[in-house]
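Below: the structure, in structure tokens.
Taken together, the values in this text are just the output of simple stated rules run on the coordinates, not laboratory data. Keep in mind that what you see is a predicted model, and the values were worked out from it rather than measured.
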Amino acid sequence: MTNISNTERTCRICLVRHGETAWNAERRLQGHIDIPLNETGLAQAEATALRLLGQELRFNALYSSDLQRARQTAAAIARHHRLELNHDERLRERHYGFFQGLTYDEAERQHPEFYRRFKSREIEFAFPDRGESLAEFAERVHDALHDIANRHAGHHVLVVTHGGVLDIVHRLATDEPLDSPRNFPIPNAALNWIAHTDGEWQLLAWADESHLGDTLDELPNA
């Protein structure tokens, strides 16, 4: 029987949060609302694409959320790396229901009990008006990543997505519970590396923003 090395079985995924938007700067919850990059975000997308060229790796595939802030970030990467861009709606941000369009301060002021449940990371709490629970959100993110990893064993893959998705990804790779407080950064346009081998996930590197200037975290005051 021929032995297959870990290298041949491992899918290494570099995940990038989209560049900055005007709503990021306003600390406004975007969710599924389709907000474009601002000028800072467009510059971050270019800087990230060039930083990835310096990795001296051959990336085999590029996946992105279908929301335009992720698509615009991924388009810069696709152009520099000559990769076909594959959109997957499972890589979208969490749907925040009627919190979408509100700033964090507005959400807390207008809906204090719902905000408390959101902030405390109640796993089964789903936002009113078609919003997702953390459990539902995590399930679709896990499904997307497992599909990508199984499709690209032995390859390097790029995924452009959102802050909430990266929160789920970090927990997937470290076995950190969904309801524990977040203790890691999620900056716009940073590089985050995970690996998948034989059904097991591993965190390789996180929040590399050496190619960027000031960045905004996914949460206020983080």
Only Cα pairs within less than 10 Å get springs; with that Gaussian network setup on the chain, which residue of G19, G154, G164 has the largest fluctuation? G154
Contact order relative to length of region 7-207, as percent, for alpha carbon pairs under 8 angstrom and 6 or more apart: 34 percent
With n ≥ 4 as the cut-off for DSSP H runs, can you work out [θ] at 222 nm for the chain, using -39500 (n - 2.57) per run divided by the number of residues, rounded to the nearest 500? -11000 deg cm²/dmol
Rg(Cα) of region 47-105 divided by 2.2 N^0.38 Å? 1.39
Quote to one decimal, in nm, the extra length available between E124 and H142 on full extension: 0.36 nm per residue of separation minus the C-alpha distance between them. 4.8 nm
Over the chain: Rg over Rh, Cα atoms, Kirkwood Rh: 0.97
